[in-house]
Amino acid sequence: MRILSLNPTSSRLTTTALVEAAAAWSRRTKCLVETERIAGAPERLETDRQVEAVAGMVWERARRLEADGFDAMIVASPSDPGLAEGWALVPEPVIGVGWASMRRACAIDWGILCPHHQPPARAKAQATRYGFAEHLVAVQSASRVDYQADSAGLLAAEVNRLAAAGARSVVLGSASMSRTAEAIWGLVEVEVVEPLEAALDVALAAVRHTLPLATR
């Protein structure tokens, strides 16, 4: 199986982080994940206008999936640009990491560690739009833009603050957090949801028809 992980920004740093985050999943599932960025997109999606601006670029890439031999596509930004419901069929499954991670976390009291540039209100509105907000108990913005392996302690402390606010599951909200996820598992008191992995799992299940997306 071949899955495209699309970074809907032009950031090379984010693209590298996504490649690193997908590596363990690929080894576990024996599925190939290829990562691309959109060269003409902004470096970061900081405003609603920027999210809307890249939506057409996301769909332009999605329409070429079959011709390029991909079985599914991940939109690897927590804002899920171009995906009003967080997912779509073109007919290949197109899965947003925001929707997939919230879907995984929301069965219990949960929280979101937003990207540094994202206001918590936007994440709350997104969870409400998807119907996942009932057990959402805490949302906060990350203290930095980039997390490396040597910043695992800082990331763990931020996750544990959400745990102290009542969250039993925490969604990590950026690619650099995803890259550092494995390093914090022994340092936190809650389930950590890594968005790219969550989206890849949904895509795999959808392609194998073990998860009918129409029923989510």
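Derivation of every value follows stated rules applied to the coordinates shown; laboratory data play no part. Remember, it's a predicted structure, so these values are computed and weren't measured experimentally. Positions of Cβ are backbone-derived with ideal geometry, glycine not excepted, and every protein chain shown enters the neighbour counts.
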Please list, by residue number, every one of the GluC sites (Glu not before Pro) in segment 1-86 that is coil in DSSP and has at most 13 other beta-carbon atoms within 10 Å.
E43, E66, E85
Note down the magnitude of the dipole of segment 27-82 about its Cα centre, charges +1 on Lys and Arg C-beta and -1 on Asp and Glu C-beta and zero elsewhere, to the nearest 20 debye.
280
Computed from these coordinates, which is volume of the Cα convex hull per residue in Å³: (i) 107; (ii) 128; (iii) 160?
(i)
Please name whichever of I184, V145, P119 sits farthest to the positive end of the charge dipole of segment 74-214, dipole taken about the Cα centre and charges placed at Cβ: Lys and Arg +1, Asp and Glu -1.
P119
Here the percent of antiparallel bridges among DSSP beta bridges lying wholly in the chain, to the nearest 5, is 10
Hey, what angle do you get for helix 12-29 against the long axis of the chain, alpha-carbon based, 0 to 90 degrees rounded to 10?
80
